[in-house]
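The values are calculated or read from the model by the stated rules, or taken from the named source; none is laboratory data. This is a predicted model, so every value here is computed, not measured. Neighbour counts run over all protein chains shown; Cβ positions are idealised from the backbone, glycine included.
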Amino acid sequence: MHLQVAMTTTAWILVAAAAIVLLYVFAGVRVVRPTSRGLVERFGKYRRVAEPGFHWIAPIADRLFLVNVTEVMMNAERQEIITSDKLNARVDAQVYFKVKSDEDSLKSSQYNVFDYKVQMVNLARTTLRNIIGTLTLKSANSERGKINTALQQTLREETQHWGIEIVRAELKEIDPPQDVQETMNKVVKAENEKVAAVDFATATETMADGARRAEIKRAEGVKQAKILEAEGEALAIQLVNESADRYFTGNAQLLRRLITVERSLQNNSKVVVPAGSELVNIIGDIAGVLPIPARIARVASREPAEHVVQ
């Protein structure tokens, strides 16, 4: 009986021991995701880095601290900053950073700085005050790129022993006081209206100049057309006169004399022809044309040297 009880007690002890061992083993199981890295400490002393995957640490003796190595965005929180022209500007910024995944950087992010996220925010706020405090409100609004570059450079220099990489820093907002904002809006509106008025005046002047040039071109075209028309008419008249002088002067005079003779004979007019004169020339004098040679006159008249025509 006593032997049976002893065996039962031993069995329970073994089962309990096995359960404790299993619990101890399962208590030390750790899984590290790809987005993190682990730092293993044994009794408060750094031991190793735990890469992504399955790990087992000794419970009670070891501790595993996970460190996020993905890019993190932190708001620098809105704050009021006095610019160099004595205006209160409300400023907000964002900082993008990540912990480097190498062993030294992981150790630095945990052992060289107490809480890098909190200190990053405070450092960004202080840096913004130092940068914007040396600028006027107008220059701060127009030089955002320079402010971002200066902020990023300062943060990199100050956090290089933290094991952190500053990806970028951006000035999110910089708002002037309400009354200054209203004044600036009025100034911008006035400038835009001025530019629009200048553009309208320039466009109107351009249109007027174009219309004037078109009228000048049209007048020059009409003038040139009239000149060409007058020159054409003058040339035509000149050609007609030259042709008349060359081909029709003698014939026309002769025709006129003959017509006059014919009319004189039809009306039974009496013409006294002096001796030695040609009838045709006498009649030509009456018609107001130049005399023609005697040979042509004799052919035309066929009359005696002195007679009376009835």
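Listed here are the residues, each with its yes/no results for (1) at pLDDT 90 or above; (2) under 30 Å from Glu173 (Cα atoms); (3) touching a strand residue (DSSP E or B) at 6+ places or on another chain (Cβ under 7 Å).
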{"position": "Ala19", "(1), (2), (3)": "no, no, no"}
{"position": "Glu41", "(1), (2), (3)": "yes, no, yes"}
{"position": "Trp56", "(1), (2), (3)": "yes, no, yes"}
{"position": "Ala76", "(1), (2), (3)": "no, yes, yes"}
{"position": "Ala89", "(1), (2), (3)": "no, yes, yes"}
{"position": "Glu103", "(1), (2), (3)": "yes, no, yes"}
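Residues are listed down the side, and each one gets a yes or a no for (1) within 19 Å of Val72 (Cα to Cα); (2) more than 40 Å from the chain's Cα centre (by Cα); (3) at pLDDT 90 or above; (4) β-branched (Val, Ile, Thr):
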residue: Lys107; (1), (2), (3), (4): yes, yes, yes, no
residue: Gln119; (1), (2), (3), (4): yes, yes, yes, no
residue: Arg125; (1), (2), (3), (4): yes, no, yes, no
residue: Thr136; (1), (2), (3), (4): no, no, no, yes
residue: Ser139; (1), (2), (3), (4): no, no, no, no
residue: Glu165; (1), (2), (3), (4): yes, no, yes, no
residue: Glu173; (1), (2), (3), (4): no, no, no, no
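Per-residue answers, yes or no, for (1) under 49 Å from the mean Cα position of the chain (by Cα); (2) more than 21 Å from Glu165 (Cα to Cα); (3) in the same structural domain as Leu128 (by TED's automatic domain parsing):
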| site | (1), (2), (3) |
| --- | --- |
| Thr8 | no, yes, no |
| Ala11 | no, yes, no |
| Arg30 | no, yes, no |
| Gly38 | no, no, no |
| Phe54 | no, yes, no |
| Ala58 | no, yes, no |
| Leu87 | yes, yes, yes |
| Val91 | yes, yes, yes |
| Phe97 | yes, no, yes |
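Does region 38-56 contain any residue that is farther than 30 Å from Asn130 by Cα, touching a residue at least 24 places away in the same chain (Cβ under 8 Å) and in contact with a His (Cβ under 6 Å, 6 or more places away or on another chain)? So far as region 38-56 goes, no, none of its residues is farther than 30 Å from Asn130 by Cα, touching a residue at least 24 places away in the same chain (Cβ under 8 Å) and in contact with a His (Cβ under 6 Å, 6 or more places away or on another chain). Tell me whether region 105-125 contains one or more residues that are touching a Phe, Trp or Tyr at 6+ places or on another chain (Cβ under 7 Å), without any contact (Cβ under 8 Å) to a residue 60 or more places away in the chain, closer than 29 Å to Pro34 by Cα and outside the structural domain of Ile166 (by TED's automatic domain parsing). Taking every residue of region 105-125 in turn, none turns out to be touching a Phe, Trp or Tyr at 6+ places or on another chain (Cβ under 7 Å), without any contact (Cβ under 8 Å) to a residue 60 or more places away in the chain, closer than 29 Å to Pro34 by Cα and outside the structural domain of Ile166 (by TED's automatic domain parsing). As a summary of the residue check, Leu66 satisfies the conditions (1) hydrophobic (A, V, I, L, M, F, W, C); (2) over 30 Å from Lys98 (Cβ atoms); (3) assigned to a strand (DSSP E or B) except for the one numbered (2). Only residues that are in a loop (DSSP other than H, G, I, E, B) and either touching a Lys or Arg at 6+ places or on another chain (Cβ under 9 Å) or surrounded by 12 or more Cβ atoms within 10 Å (Cβ to Cβ) (or both): list them for region 50-63, please. The answer is Glu51, Pro52, Ile57, Ala58, Pro59, Ala61.
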